[in-house]
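Everything on this sheet refers to the single structure shown next.
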Amino acid sequence: MELTVRVKPGSRKGPLVEPSPDDPAAALTVFVRERAVDGAANAGVIQALAAHFEVPRRDVVIVRGETSRIKRVRIEGR
């Protein structure tokens, strides 16, 4: 399954995954505590999504948007 997510790095709410009903660009909003430095936020996104969908971290892949707040993510095994 592939979906589009909006990432909020450096958030005090994180790690948290919420639906984005008011955001037409993304299905989910992912709040992570990690800052967007040296891939730390991407690692936080992968960890948060893996916990949310109850899959191993290796099954979550960022397909597009490595350096963007809006990312296309593939969840394997779903």
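The values are calculated or read from the model by the stated rules, or taken from the named source; none is laboratory data. Just so it is clear, the structure is predicted and the values come from calculations on it, not from any experiment. For neighbour counting, all protein chains shown are included, and Cβ atoms are generated from backbone atoms with ideal geometry for every residue, glycine included.
Only one of these conditions is not met by ASP59: (1) surrounded by fewer than 18 Cβ atoms within 10 Å (Cβ to Cβ); (2) among the acidic types (Asp, Glu); (3) within 13 Å of GLY14 (Cβ to Cβ). Which number is it?
(3)
Out of the range 1-25, which residues are among the hydrophobic types (A, V, I, L, M, F, W, C) and under 19 Å from GLU76 (Cα atoms)?
Correct list: MET1, LEU3, VAL5, VAL17.
Please specify each residue of the range 23-64 satisfying the condition of being assigned to a loop (DSSP other than H, G, I, E, B), among the small types (Gly, Ala, Ser) and at pLDDT 95 or above.
None - no residue of the range 23-64 is assigned to a loop (DSSP other than H, G, I, E, B), among the small types (Gly, Ala, Ser) and at pLDDT 95 or above, so the list stays empty.
For the range 12-22, name all the residues that are farther than 16 Å from PHE53 by Cβ and either part of a strand (DSSP E or B) or more than 13 Å from the chain's Cα centre (by Cα) (or both).
Within the range 12-22, ARG12, LYS13, PRO21, ASP22 meet the criteria.
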